[in-house]
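Below you'll find the structure, written out as structure tokens, and then a few comments.
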Amino acid sequence: MNSLIKVSQFAGKTFAIWVLVFAAFAFFLPAQFTWIAPYISILLGVIMFGMGMTISAEDFKEVGRHPLKVLIGVMAQFIVMPALAFALAKGLRLEPEIAIGVILVGCCPGGTASNVMTFLAKGNTALSVAITSVSTLLAPILTPALIYLLASEWLEVSASAMFMSVVKIVLLPIILGLIVQMFFKEQVKKSVDVLPLISVIAIVLIVAAVVSGSKDKIVESGLLIFGVVILHNGLGYLLGYLAGKLFKLPYEDKKALAIEVGMQNSGLGAALAAAHFSPLAAVPSAIFSFWHNISGPLLATYWARKADRKG
């Protein structure tokens, strides 16, 4: 078990490398990875099930202690990134499938990686976890509604079908994870350290499936999508930080908000794109998954070193 935990920790620390390696394999050997596409929703469900197994009552105590801070974070999450996505799609006149893909990832809740990055950045980790948990639980309603509102001018969007998808691949697995945690507390405690490995494998497979199914389109539009993703992510960090500044939150809270807003649950974006649109619409989510696991650690390292110098 200890060996497996060490492998899990190593996989978590080198996540971005594995995403890049398997994306490259999928690009040059697409036939070996296209079989994964029908299982994207199941893979994301596995990740969400793991999240359910790790959520505790303690995570929600921050909501009771500082409801205004959590509200600011959740509102920033569901206003800043969708608005940025829409502005980038319109401003850069993206073709419909790419525009939909950028808006999809923008309308997703924050990812659990943001909690780790906030911890490494010496930000308010409790606030980050609370915002992630609340935004994820609100995602079945807010994510389809926002996608319908912002993306309908490009392609037909069924908010009700998307609502059912988010319930199935996000909410139900989280609830199942909570139930398992409730009845098998000791066993879950022993297995929690292995969950990062499972999450890494699942996300890597999702990215490989998306890349293998969209090789030709990536050749055609990959650099443009990469540029849009970098802009979206970077502006998310900046505006998340400024939202904290606007409400005069402490420095640690501003760091938490910046990371929470900038880092998305890109796996959900890829799953929704694959289920309701096209392989190309999933590419921005796949690239976002890779990129924010480079930009997040870089930002966290910068803030941690700054905190150390002050200390």
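The values are calculated or read from the model by the stated rules, or taken from the named source; none is laboratory data. Source: prediction; values computed, not measured. Positions of Cβ are generated from backbone atoms using ideal geometry, with glycine treated the same way; all protein chains shown enter the neighbour counts. These area figures cover heavy atoms from the full protein model, side chains too; ligands, DNA and RNA do not enter into them. Shrake-Rupley method; radii C 1.70, N 1.55, O 1.52, S 1.80 Å.
Which residues, taken from the stretch 206-230, are under 16 Å from the mean Cα position of the chain (by Cα) and buried (at least 18 other Cβ atoms within 10 Å of the Cβ)? Result: 206, 207, 210, 229. Flag: residue 251 matches the condition of being without any contact (Cβ under 8 Å) to a residue 12 or more places away in the chain and among the aromatic types (Phe, Trp, Tyr).
Within the stretch 262-284, the set of residues being over 16 Å from residue 215 (Cβ atoms) and either out of contact with any helix residue (DSSP H, G or I) (no Cβ under 9 Å at 6 or more places or on another chain) or among the polar types (S, T, N, Q) (or both) comprises 264, 265, 266.
Kindly indicate whether residue 104 is touching a Gly at 6+ places or on another chain (Cβ under 6 Å), part of a helix (DSSP H, G or I) and either over 22 Å from residue 249 (Cα atoms) or of a type in the set (A, V, I, L, M, F, W, C) (or both). Criteria met by residue 104.
Give me a count of the residues in the stretch 46-90 that are out of contact with any helix residue (DSSP H, G or I) (no Cβ under 7 Å at 6 or more places or on another chain), farther than 21 Å from residue 243 by Cβ and not aliphatic (A, V, I, L, M). Within the stretch 46-90, residues that are out of contact with any helix residue (DSSP H, G or I) (no Cβ under 7 Å at 6 or more places or on another chain), farther than 21 Å from residue 243 by Cβ and not aliphatic (A, V, I, L, M) number 5. On the basis of being in a helix (DSSP H, G or I) and either more than 21 Å from residue 140 (Cβ to Cβ) or in contact with a strand residue (DSSP E or B) (Cβ under 7 Å, 6 or more places away or on another chain) (or both), does residue 10 make the cut? For residue 10, the condition - in a helix (DSSP H, G or I) and either more than 21 Å from residue 140 (Cβ to Cβ) or in contact with a strand residue (DSSP E or B) (Cβ under 7 Å, 6 or more places away or on another chain) (or both) - is met.
From the set of residues in the stretch 1-42 that are within 15 Å of residue 111 (Cβ to Cβ) and open to solvent by less than 30 Å² (accessible area, probe 1.4 Å), which is modelled with the highest pLDDT?
Going residue by residue through the stretch 1-42, those that are within 15 Å of residue 111 (Cβ to Cβ) are 12, 15-16, 19.
Within this subset, residues satisfying the condition of being open to solvent by less than 30 Å² (accessible area, probe 1.4 Å) are 15-16, 19.
Details: 15: 71, 16: 71, 19: 79.
Among residues in the stretch 1-42 that are within 15 Å of residue 111 (Cβ to Cβ) and open to solvent by less than 30 Å² (accessible area, probe 1.4 Å), the one modelled with the highest pLDDT is 19.
Selection of the stretch 179-190 for residues being crowded, with 17+ Cβ neighbours inside 10 Å and either under 20 Å from the mean Cα position of the chain (by Cα) or without any contact (Cβ under 8 Å) to a residue 40 or more places away in the chain (or both) yields an empty set.
Is one or more of the residues making up the stretch 289-297 surrounded by fewer than 24 Cβ atoms within 10 Å (Cβ to Cβ), more than 21 Å from residue 24 (Cα to Cα) and within 18 Å of the chain's Cα centre (by Cα)? Within the stretch 289-297, one or more residues are surrounded by fewer than 24 Cβ atoms within 10 Å (Cβ to Cβ), more than 21 Å from residue 24 (Cα to Cα) and within 18 Å of the chain's Cα centre (by Cα).
For every residue, the table says whether it meets (1) among the polar types (S, T, N, Q); (2) crowded, with 23+ Cβ neighbours inside 10 Å; (3) within 20 Å of the chain's Cα centre (by Cα); (4) within 16 Å of residue 104 (Cβ to Cβ).
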| position | (1), (2), (3), (4) |
| --- | --- |
| 232 | no, yes, yes, yes |
| 239 | no, no, yes, no |
| 244 | no, yes, no, no |
| 251 | no, no, no, no |
| 259 | no, yes, yes, no |
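Inspection of the stretch 120-136 identifies no residue that is modelled with pLDDT of 85 or more, hydrophobic (A, V, I, L, M, F, W, C) and open to solvent by 60 Å² or more (accessible area, probe 1.4 Å). Filter the stretch 141-160 down to the residues that are open to solvent by 10 Å² or more (accessible area, probe 1.4 Å), farther than 22 Å from residue 49 by Cβ and either at pLDDT 85 or above or assigned to a helix (DSSP H, G or I) (or both) and list them by number. Those that are open to solvent by 10 Å² or more (accessible area, probe 1.4 Å), farther than 22 Å from residue 49 by Cβ and either at pLDDT 85 or above or assigned to a helix (DSSP H, G or I) (or both): 145, 146, 148, 149, 150, 159, 160.
Keeping to the stretch 143-161, report how many residues are within 17 Å of the chain's Cα centre (by Cα) and not β-branched (Val, Ile, Thr).
Within the stretch 143-161, the first condition is being within 17 Å of the chain's Cα centre (by Cα), and the residues that meet it are 143-144, 146-147.
Then keep just the ones that are not β-branched (Val, Ile, Thr); that gives 144, 146.
So the answer is 2.
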